[in-house]
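Structure record follows, encoded as structure tokens.
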Amino acid sequence: MTMPVSPLLTRLRWTLPLCIWAATPAWSQGVLKIGEINSYKAMPAFLEPYKKGMELAVAQVNASGGLLGKQVQLVVRDDNGNPGDAVRAAEELYTREKIDVLTGSFLSPVGMALTDYAGQKKRFFLASETLTDKVVWANGNRYTFRLRGSTYMQTAMLVEEALKLKKKRWAIVYPNYEYGQSAVATFKTLMKQAQPDIEFVAEQAPALGKIDAGSVVQALADAKPDAIFNVLFSVDLGKFVREGNTRGLFKDRQVVGLLSGEPEYLDALRNEAPEGWTVTGYPWYAIKTPEHEAFLKAYQGRYKDYPRLGTIVGYNAIQSLAAGIKKAGSTDTEKLIAAFRGLPVATPWGTISYRAQDHQSTMGAFVGKTTFSKEMNRGVMTDFRYADGKDYQPSDEAVKKLRPASAQ
């Protein structure tokens, strides 16, 4: 029902300065706002493609009629890689920009801070990229859901392959913060359970973004491991690979690398890409399913570029929110929570769903081997398979012990 406009308001409309009307928030004019917070300055290699993935998904949603009869608008903030800045940005998005729903986070400390914010403020939050298990387990709450396959899930995928190597002496290298610590703890636990005689003969944990690659590589070489579990990524990974190649660390030695097959990181290495590493990643150039080919065509048509792993995460985040909002018929927090529990979402990698028991999606990862492609002039994945996330999650009984009762 349309309410009549009073004569006084009509007169004011034409007498007040135009700038005041132009400043009227877009949400009052039929726009649904998605607020997004991330570490764009700190992690541009991953998050610039991620933002493009979100933008593509928003464009597709709007082309199909929008959500709840409104066009969707993405409102982005940079958290500077700082948890405090992320929380301040979240509050500003709600109070000033009047967003309808919140998503984002890459770095684990930021993801945990926004998870805590969502719990305290009782606001729905979709953690899109952050990998830390704490987001859905120890620090989980009923308001937070997580899209990307967790540290536990992706490590479990690699443990399955690592056990096939039948190597006894392992060295480990990882960034010394929540993501790296969690991955290593999971790797050790799962490997010990399946191979009790395994030995961990060396462990290097440089601060994120501050690796002294020469000393790290030398320390690992001195331990004479049979195999290496690598959790480094981004600039740290590049320095580690280059120094390892120079010093022969990887010669006749198996390496298992978490995230090491992602194009964001392999592309930067070019012809220095490692040979024969077992990795999780994204072989965008070789996935021949109808869903992925349609996505690839749309992305390349819009950006004249190829997607990265971040692109898929950003795209899936918007698709998840769109599916949840449509099912809920609202952006009300409680209705979104109910809608997301068990929610199926169509993605370029096939249909995923959000587990009711811990709010973790079943988004998986590709597992394969690295090699250098002369044709593409970059490192690529070969002999890969898609590991469905639903097959690498702990049991319901285990989740109950890991997740607070208040989070149910």
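The values are calculated or read from the model by the stated rules, or taken from the named source; none is laboratory data. No experiment lies behind these values; they were computed from the predicted model shown. Neighbour counts are summed over all protein chains in view; Cβ atoms, including those assigned to glycine, are modelled from backbone coordinates with ideal geometry. Areas reflect the complete protein model, heavy atoms only, side chains present, ligands, DNA and RNA absent. Shrake-Rupley method; radii C 1.70, N 1.55, O 1.52, S 1.80 Å.
Values for this structure:
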{"item": "Pairs from 70/297; 33/98; 70/327; 188/251 whose Cα-Cα separation, in the structure shown, is over 18 Å", "result": "70/297; 188/251"}
{"item": "Cβ-based charge dipole, the chain, positive-most Cα from 279, 37, 395", "result": "37"}
{"item": "Calculated FRET value between residue 59 and residue 122, using beta carbons and R₀ = 22 Å, to 0.05", "result": "0.10"}
{"item": "Per residue solvent-accessible surface (Å²) - the chain, probe of 1.4 Å", "result": "42 Å²"}
{"item": "FRET efficiency estimate (nearest 0.05) - Cβ-Cβ, residue 177 to residue 88, R0 30 angstrom", "result": "0.90"}
{"item": "Separation in nanometres of the label points that stand 7 Å from Cα toward Cβ, at residue 252 and residue 68", "result": "6.4 nm"}
{"item": "Trypsin sites (Lys or Arg not before Pro) restricted to DSSP loop in the range 80-156 with at most 10 other C-beta within 10 Å", "result": "96"}
{"item": "Net length gained if the chain between residue 95 and residue 396 were fully extended (0.36 nm per residue, minus Cα distance)", "result": "104.6 nm"}
{"item": "The range 26-107 - percent of accessible surface contributed by carbon and sulfur, probe 1.4 Å", "result": "50 percent"}
{"item": "Fully extended contour minus Cα-Cα distance, from residue 210 to residue 338, at 0.36 nm per residue", "result": "41.8 nm"}
{"item": "Net length gained if the chain between residue 302 and residue 48 were fully extended (0.36 nm per residue, minus Cα distance)", "result": "90.0 nm"}
{"item": "Dipole of the chain, positive end: most advanced residue of 190, 299, 108 [Cβ charges, Cα centre]", "result": "299"}
{"item": "Rg/Rg_globular for the chain, with Rg_globular taken as 2.2 N^0.38 Å and Rg from C-alpha atoms", "result": "1.05"}
{"item": "Kyte-Doolittle at least 0.0, axis length at least 27 Å by Cα - qualifying DSSP helices, the chain", "result": "44-63, 309-328"}
{"item": "For the chain, size of Cβ-based charge dipole, Lys and Arg +1, Asp and Glu -1, in debye", "result": "740 debye"}
{"item": "Global size of the range 81-240 as Cα Rg and Dmax, reported in angstrom", "result": "18.2, 58"}
